[in-house]
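The values are calculated or read from the model by the stated rules, or taken from the named source; none is laboratory data. Every value quoted in this text rests on a predicted model; they were computed, and no experiment measured them. Heads up, the Cβs are rebuilt from the backbone with ideal geometry, glycines too, and the neighbour counts pull from every protein chain shown. When the accessible area is computed, the model is the full protein with side chains, heavy atoms only, and any ligands, DNA or RNA have been set aside. Shrake-Rupley method; radii C 1.70, N 1.55, O 1.52, S 1.80 Å.
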Amino acid sequence: MYRSGVKHLLEHPVTSGLVAFLILFSTLCFSVETLPDLQDSTRVFLHYSEIAVVAIFTIEYLLRIYAAENRAKFVFSFYGIVDLLAILPFYLASAVDLRTLRLLRMFRLIRILKLVRYHAAIRRLGKAFYMAKEELIIFTLATLIFIFLSAVGIYYFEHAAQPDVY
């Protein structure tokens, strides 16, 4: 009884819209945080915003685990892993010195992947990429080969003119 109510609440359009808004807000805050010369009041606002967003995402994650019919299956599913990776950097940053692990902050951007759950258009786009995966692989390989050949050509033609640079 309670699980189905929680599941219904998590799937409600208002809840989905709020989570989508928080994902975008969090991404915007992360971007603003990288600007140089921010005022202290802005840094404080961004810090408390991060705490609030992570708290809400943590509650959502725990409620999804609670409402799941098969909890282990949810935890190891794509959405379960994305949800965990969206909050994990915050908790790891609290326990680890970020001067040595700045990369953890970049993982906060994984929150954008949480949007996949809430928008059918993004799911359709994912299906389209999956259907065209062979073409995309060939295109990517062709692009990499073209870039490599261009770099070799630039080196070949420019090395004699500017040996110190190349």
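Restricting to segment 145-166, count the residues that are exposed (fewer than 10 other Cβ atoms within 10 Å of the Cβ) and either in contact with an Asp or Glu (Cβ under 9 Å, 6 or more places away or on another chain) or in contact (Cβ under 8 Å) with a residue 60 or more places away in the chain (or both).
Number satisfying all stated conditions: 1.
Within the set of pairs 6+ apart or on separate chains, which have a first residue in segment 44-71 that is farther than 19 Å from GLU33 by Cα, a second that is exposed (fewer than 13 other Cβ atoms within 10 Å of the Cβ), and C-beta atoms under 6 Å apart?
From residues that are farther than 19 Å from GLU33 by Cα, the pairs are ALA67/ARG3.
Can you name the residue in segment 1-56 that is closer than 17 Å to VAL82 by Cα and modelled with pLDDT of 90 or more and, of all such residues, is surrounded by the fewest Cβ atoms within 10 Å (Cβ to Cβ)?
Of everything passing the filter in segment 1-56, ALA55 is surrounded by the fewest Cβ atoms within 10 Å (Cβ to Cβ).
What are the residue pairs meeting all of these: first residue in segment 78-103, first residue farther than 25 Å from ARG123 by Cβ and assigned to a helix (DSSP H, G or I), second residue open to solvent by 30 Å² or more (accessible area, probe 1.4 Å) and at pLDDT 80 or above, Cβ atoms under 9 Å, and 6 or more apart or on different chains?
Matching pairs, first to second residue: PHE90/ILE51.
When you scan segment 34-61, how many residues do you find that are under 19 Å from the mean Cα position of the chain (by Cα) and either in a helix (DSSP H, G or I) or among the acidic types (Asp, Glu) (or both)?
The number of residues fulfilling the criteria is 15.
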